[in-house]
């Protein structure tokens, strides 16, 4: 890492993050889930260092009809579902509207699952220690939604691990995670990209390649 506290790239960030996770090395029940796309190179290095299985955790927010920026819930890989019942009641969203939004977002989730995973099913989550990795956290909204959906699949423990996040992130995530680990929690914090020398967009092809490499190395 450079003297101005920036990672060279996502792979370097992943290696630094892995050094903060020695307690999870060589445990057969550990699963590393990456939030694509940017989280995959980071998680690849983490899974490699820990000798753990790697997969993607794709999340889709469920927007309130006519207010799509307002999330009434989320779905994620493995058909995990979270609904904010209080917000649904407050906004008057009907069951039919929920089903309509769910249908559309499940189609998009399935498209992305097929793109990244092919015909392979999502890996088993229940009863496992799951380390959820991204290249950083800004507001934490997407991560929070992903964790709440993931919780419905009954993992034994959820660990959120990122190279960089604002200092207040642990409080924002609350009970959605059991353990929160960040290599850096700098202030002021404006954007994840400011803490990387190279922060180019991760391509779909790179995601597929890294997932296949990880499967080959952990067989």
message: Is the C-alpha gyration tensor of the stretch 95-219 telling us rounded, prolate or oblate? Criteria: a/c under 1.5 is rounded; beyond that, a/b larger than b/c is prolate, otherwise oblate.
response: rounded
statement: Between the Cα axis of helix 95-117 and the main Cα principal axis of the chain, the angle (0 to 90°, nearest 10) is 30 degrees
field: Between helix 141-151 and the chain: long-axis angle, C-alpha atoms, 0 to 90°, nearest 10
entry: 80 degrees
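If you take the beta carbon distance between residue 90 and residue 119 as r and set R0 to 30 Å, what does 1/(1 + (r/R0)^6) give as a FRET efficiency, to the nearest 0.05? Spell out each step's value before the answer.
Numbers: r = 41 Å, r/R0 = 1.35.
E between residue 90 and residue 119, to the nearest 0.05, is 0.15.
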- prompt: If you build a Gaussian network model of the chain, linking Cα atoms that sit under 10 Å apart, which residue out of 167, 149, 16 swings the most?
  reply: 167
field: Cα long-axis angle, helix 204-218 against the chain (0 to 90 degrees, to the nearest 10)
entry: 60 degrees
message: Compute a Gaussian network model of the chain, connecting alpha carbons closer than 10 Å, and tell me which residue from 99, 206, 45 fluctuates the most.
response: 99
query: Between residue 8 and residue 20, what length in nm is gained on full extension when 0.36 nm per residue of separation is reduced by their alpha carbon distance?
result: 2.6 nm
statement: Of 47, 80, 146, the most mobile residue in a GNM of the chain (C-alpha springs, cutoff 10 Å) is 80
task: Would you calculate, for the chain, the mean residue ellipticity at 222 nm contributed by helices, counting each DSSP H stretch of 4 or more residues as -39,500 (n - 2.57) and dividing by all residues, to the nearest 500?
output: -11500 deg cm²/dmol
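Would you mind calculating the relative contact order of the chain from Cα pairs under 8 angstrom and at least 6 residues apart, reporting the percent as a whole number?
So the answer I get is 26 percent.
We did not get these values from a lab; they are worked out from the coordinates using the rules stated. What you see is a predicted model, and the numbers here were worked out from it, not measured in a lab. Virtual Cβ from ideal backbone geometry, glycine too; neighbours counted across all protein chains shown.
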